[in-house]
Amino acid sequence: MPVKITFWGVRGSIPCCSAEHTVYGGNTSCVEVDLDGETVVIDAGSGIRALGISLAKRSINRVTMLVSHTHWDHICGFPFFYPAFQETANLNIHAARLPNGQTAEEVFGVLMSEPFFPLPMHMIPSVLHFHDFKPSESFSLFDGRAALRTRPLTHPNGATGYRLDYQGKSVSYISDYEHSSPAGVAELVDFVADSDLMIFDAMYTPLEYESFKGWGHSTWREAARLTQMANVKKTALFHHAPLHTDDIMRQIEQDAKNADPRLFAAREGQSLIL
């Protein structure tokens, strides 16, 4: 059965609203994966607002959400996610515990509390189920029809990579990741091996990365290397830097394609069918 991926937010760090961010998009991380009628949402950045409106129009009220981590740009859109305010909606939110033991439910509770937001989370009318886990755990979803694998990523405060396998198709989501030791890269190669689509953090150019080592992000060059090592069929460059305007993104995408034609820069509103 087909797997459809739609990018609702592809930017990193902070939403960018300007004429120079219209081609690739300015909303932060949010990806929809449609598994033959089952809706999986990866991350709840500002792009999730428009996704929520779209889900309501399509009368979709059951959502499985995967949160890579709770940095602001990956959760800031949740208080504006329309299905969360529908009594008929059922939301299952999966996220790894933070290194300090804190859960995503606790973080979301702070996000939706005074003085940050006027409506506390316990007043949301939808049915919310939070599921916390330790990175590297695996799960089955939708009565065993889909397999979900997780792994920890190198990023300040931690982050989780996801791999969804469904009906012979696979999508890997590696956002907020900094390429690390050879052993760490080898483990990631095994994790994403033979993916039909890998969504990969390429926030910096190779030259920029030299000034931002330790900040928890990677480059299109590392995306190309991992694509080749893991035999990935197609790789979406993701988590674009706020300073990367459309003109800069066009050049980054061309450089990446020159290195490996399987790479492309994800654009807000873009859909793919596997």
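So that you can scan it fast, the table gives a plain yes or no per residue for (1) modelled with pLDDT under 95; (2) of a type outside the set (Lys, Arg); (3) more than 23 Å from Asp34 (Cα to Cα):
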| residue | (1), (2), (3) |
| --- | --- |
| Asp194 | no, yes, no |
| Trp220 | no, yes, yes |
| Ala224 | no, yes, yes |
| Met229 | no, yes, yes |
| Val232 | no, yes, no |
| Asp247 | no, yes, yes |
| Gln251 | no, yes, yes |
| Arg262 | no, no, no |
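Yes or no: segment 145-152 includes at least one residue that is under 19 Å from Ser218 (Cβ atoms), aliphatic (A, V, I, L, M) and buried (at least 17 other Cβ atoms within 10 Å of the Cβ).
Scanning segment 145-152 turns up no residue that is under 19 Å from Ser218 (Cβ atoms), aliphatic (A, V, I, L, M) and buried (at least 17 other Cβ atoms within 10 Å of the Cβ).
Give segment 136-169 a look and list any residue that's of a type in the set (Lys, Arg) and either assigned to a loop (DSSP other than H, G, I, E, B) or in contact (Cβ under 8 Å) with a residue 60 or more places away in the chain (or both), or say none.
Across segment 136-169, the qualifying residues are Arg145, Lys169.
Name every residue in segment 222-233 that is surrounded by 19 or more Cβ atoms within 10 Å (Cβ to Cβ) and either closer than 23 Å to Ser13 by Cα or of a type outside the set (Ser, Thr, Tyr) (or both), in order of residue number.
Hits for segment 222-233 are Glu222, Ala223, Ala224, Leu226, Ala230, Val232.
Considering segment 97-135 alone, what residues qualify as being assigned to a helix (DSSP H, G or I), touching a Gly at 6+ places or on another chain (Cβ under 9 Å) and among the aliphatic types (A, V, I, L, M)?
Residue satisfying the conditions is Met121 alone.
Please specify each residue of segment 111-149 satisfying the condition of being within 30 Å of Ser195 (Cα to Cα) and touching a helix residue (DSSP H, G or I) at 6+ places or on another chain (Cβ under 8 Å).
Within segment 111-149, Phe130, Asp132, Arg149 meet the criteria.
Within segment 2-18, identify whether any single residue is hydroxyl-bearing (Ser, Thr, Tyr), in contact (Cβ under 8 Å) with a residue 24 or more places away in the chain, in contact with a strand residue (DSSP E or B) (Cβ under 7 Å, 6 or more places away or on another chain) and outside any strand (DSSP E or B), and answer yes or no.
no
Inside segment 5-44, can you point out the residues that are surrounded by fewer than 18 Cβ atoms within 10 Å (Cβ to Cβ), touching a helix residue (DSSP H, G or I) at 6+ places or on another chain (Cβ under 8 Å) and among the aliphatic types (A, V, I, L, M)?
Ile14, Val23
The values are calculated or read from the model by the stated rules, or taken from the named source; none is laboratory data. Since the model is a prediction, treat every value here as computed from it, not as a measurement. Because the Cβ atoms are built from the backbone with ideal geometry, glycine has one as well, and the counts that use them run over all protein chains shown.
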